[in-house]
Each structure stands twice: as C-alpha cells, then as structure tokens.
1. Between beta-carbons, use under 11 Å as the cut-off and find the net charge around LEU15, counting Lys and Arg +1, Asp and Glu -1.
2. Which GluC sites (Glu not before Pro) does the stretch 1-39 hold that lie in a coil by DSSP with at most 10 other beta carbons within 10 Å?
3. Please compute, for the alpha-carbon atoms of the stretch 222-296, the extent along each of the three principal axes and give them in descending order in Å.
4. Suppose the chain between ASP216 and ASP189 were pulled fully straight at 0.36 nm per residue; how much longer would it get relative to their current alpha carbon spacing?
5. Any chance you could list the semi-axes, whole Å, largest first, of the equivalent ellipsoid that the Cα gyration tensor gives for the chain, using √(5λ)?
6. For helix 104-116, what angle does its Cα long axis make with the longest principal axis of the chain, in degrees from 0 to 90 and rounded to 10?
7. What stretch of the chain, leaving out the sites themselves, is the longest with no trypsin sites (Lys or Arg not before Pro) in a DSSP loop having at most 13 other Cβ atoms within 10 Å?
8. Sorting CYS70, CYS250 on the 10 Å Cβ count, fewest up front, what's the list?
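What follows draws every value from the coordinates through simple rules; no lab data is involved. Quick caveat, the model's predicted, so the values are computed rather than measured. Cβ sites come from the backbone with ideal geometry, for glycine too, and all protein chains shown count toward neighbours.
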Amino acid sequence: MNLELSEEQTAVRQLAKDFVAREIAPHVIEWDRAESVDRSIVKKLGEVGFLGLTIDEEYGGSGGDHLAYCLVTEELGRGDSSVRGIVSVSLGLVAKTIAYWGSEEQKRQWLPGLTSGELVGCFGLTEPGTGSDAGNLSTKAVREGDSYVVNGSKMFITNGTWADVVLLFARTNDAPGHKGVSAFLVPTDTPGLSRRTIHGKLGLRGQATAELVLEDVRVPASAMMAPEGKGFSVAMSALAKGRMSVAAGCVGIAQAALDAAVTYATEREQFGKAIAGHQLVQELISDIAVDVDAARLLTWRVADLIDRGQPFTTESSKAKLFASEAAVRAANNALQVFGGYGYIDEYPAGKLLRDARVMTLYEGTSQIQKLVIGRALTGVSAF
Ligand code: FAD
C-alpha cells in the first residue's frame, strides 16, 4: 500500500478543501438551525465532479479511484456531515450500485442525472419493523403482467424527501422459484408513493430524512435491477462500499474536532496560561489525534483494497466500526476542551458530536459490524 498521494489525489483533496471553505463552512450553523441545507448545494457538488467520483465518464462520471473518493468524503465530513451524507447516499449507495449492477439501459437512464446533481437518489432498505435484520423486510412487490405492484413502507431514508429515484428493496413473489428480495429503481413521482419528513433528529439536521409509504405503486418489470431474488446481494454489496464512505466521513469529523480543539486550547487561558499548557488538556488532544490517524489508515486500506480488486468487506466493517466510535470519542473530547462553550452551537464541537453519533447506528450498528467481523474470523454466523 502506497501511503503517498498521487498528484491527482492531492489536487482533488485541495479542490474539496476549497469547496468546503467556499460553499459549506459559511452556512453550517444556519443550515443546522434551519434543519435543512440549501438544496442548491447538490447542483454545486455535481458541477465540481464530486457526485461522479469513480463513475465512468461515459455515464457522466468524473472517474478517479476510491482513495480520491475517500479524500473528498473526508473533507465534506469535516465541513458538514449532512452534505457528506447526500454524496455518500446519492453517489455511494445509489449511483455506484447502478454502475455495478444496473443494465445498460438503467445506467443511461439514471447515471448522467445523478452524477451531475440534476437528480438525487435515495436507498430504501430499512423499514419501521426491520432495521438490523434487513433481510427480513416485508415490503412486497407482486408481479402483474409486465409490472410489479409494490406495497409497504421504508423508514429513516436519507435524501428521502429530495430524491428523484429510490433504490428500493422489496420481497418479490413467494411462488416457487421467485423467493427472496429484489432491487428496483423507482421514480419518486410514481403514483402511490408518498413521503413524510422526519423531524427532530439529534444530528444530521440538515439532511432530508424521510419515511416512504408505498401503496399499490406500479413499476415496470424493467425497473428491476439485477435478477429477481438478488436484491439482498445488491444491498449488501452497496453497504460494503458504503461503510468505507461513512468511515471517511467520520475521519473528517474527527479531524475537524482536532483542528477546533487545538486552536481553542492555544487561545483560551485559565490559571494564567493557555489551556494547551495543562497536561490533561494535552491528553484530550493527543487522544483525538491518535483516533484521527488510526481511523484514516483503516479507511485508506479499504480504498486501496477496492482499487486493487481485492476482497474488502471485513476491512470495511472494521474501518466503519472504528472510525464511527472514534468520531464520537473525538468530538466528545473536543467538547471537553471547549468547556461550557462546547455546549452551545456557536462553537463546533457540539454539532460534531451530534452528527457523529448516528455513524455508529446506520449502515449497520457497531454491534452488527462486530458480528460481520466475528463471522469472518470464526466462520460461525452469530446473527
Ligand atoms: P434495530 O435493528 O432495532 O437495533 C436496535 C439495537 O439492537 C441496536 O443497538 C442494535 O445494534 C441491536 N441489535 C439488533 N440486532 C442485534 C444482534 N443480532 N446482535 C446484537 N445486537 C443487535 N436506512 C436505509 O435503508 N436508508 C437510509 O438512507 C438510511 N439513512 C438513515 C439515516 C438516519 C439519520 C438514521 C437514524 C437511520 C438511517 N437508516 C437508513 C436506517 C439505519 O440503517 C437503521 O436505523 C440501522 O440499521 C439500525 O436499525 P434499527 O434502527 O431498526 O435498530
């Protein structure tokens, strides 16, 4: 593994740093308080190529490798996890999955819009009654002639209220030979599909998180992605790469926590000197720094494995598990450095902590990551 960045990777990271400074940083507090980032950010992300990373230019993508994708995701996560999540879902879970599993027609139909930011994608797996046990989902798609009729509901769907297309997972006919879960690309304006914004989130307040309800939603059979019954494999392969993207976002949170803690500690004085000069404050800061480095190296290893065509699923779970827990620790330590000021939103640590907390929950909780890692090590499934 080469830990030196190439010229292209260095350039794309700088592009992301500049983008965050210009388009995100000035609005972070305002978007968090308003519970919505400005939707125009999606188009801007598309224009700069961040919604097309790793996707072939033939389909409107901007190319690049997975390390470049991680570098951009980290910078976006450093700026605002709500914006980072828009990219991780619309590109990471939807466009990249279409690029891998989709038919030629599906790629041509959806990828140019998703990579340019004209369209937004969302990933519909979780249901009110099935989260960790996603394979047990109950949304049903029943074949009727050349169509499927879908009924059910989806919970906690990132980008849900903004999305133009949902990568939807539904149980197809239970008739012999038709068992299992299948994946569909469903335009969100299809009659029978309704959406409700979920308010009151602890963090990621800028994100349009929604519940989707599907009542007799009719989709053409051509909207199915991958063969019937392969939907769970589609979902798991999307999440395996998605976990790397979450991990990279967490590195960004932890780096932001470190930067903020160091700056504040050198400026704030107590007991006649900068608090940076107190040993226990240095302990807080050095703990954050070690978490940043360890999380980043685990995340880069996943990118390197993917780019070399090697197996990466277990490493992705390790990176996501460690980086998400590290981001929570780092943000909490930074908040401690800020003292009482850490508790109000004019200072960054509180939001970093609120945003970090969900990273240990979605795309598989920390407990689920441990079961994935444990299964790989022992050969025994404890699910
Ligand atoms: P549950 O599965 O009910 O788990 C509750 C607790 O039980 C957890 O601590 C869990 O670790 C533990 N547990 C469960 N099973 C086991 C086990 N076998 N062994 C040990 N412990 C176990 N989903 C999507 O499909 N698309 C999205 O875009 C999306 N975005 C999200 C955005 C936000 C802000 C949030 C909060 C969630 C999002 N989710 C999304 C859903 C997320 O993936 C689920 O919340 C997550 O998978 C956990 O499911 P659950 O909430 O039903 O918890």
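1. Working: positive: ARG13, LYS17, ARG22; negative: GLU8, ASP18, GLU75.
Once positives and negatives cancel, what remains is 0.
2. Details: sites: GLU4, GLU7, GLU8, GLU23, GLU30, GLU35; in loops: GLU4, GLU35.
Taking the stretch 1-39 and a limit of 10 other Cβ atoms within 10 Å, the loop GluC sites (Glu not before Pro) found are GLU4.
3. Answer, in whole Å and largest first: 71, 20, 13 Å.
4. Using 0.36 nm per residue and subtracting the Cα-Cα distance, I get 8.4 nm.
5. Calculated on Cα positions only, the semi-axes equal 36, 21, 20 Å.
6. 30
7. It works out to 40-178.
8. So the residues, fewest neighbours to most, are CYS70, CYS250.
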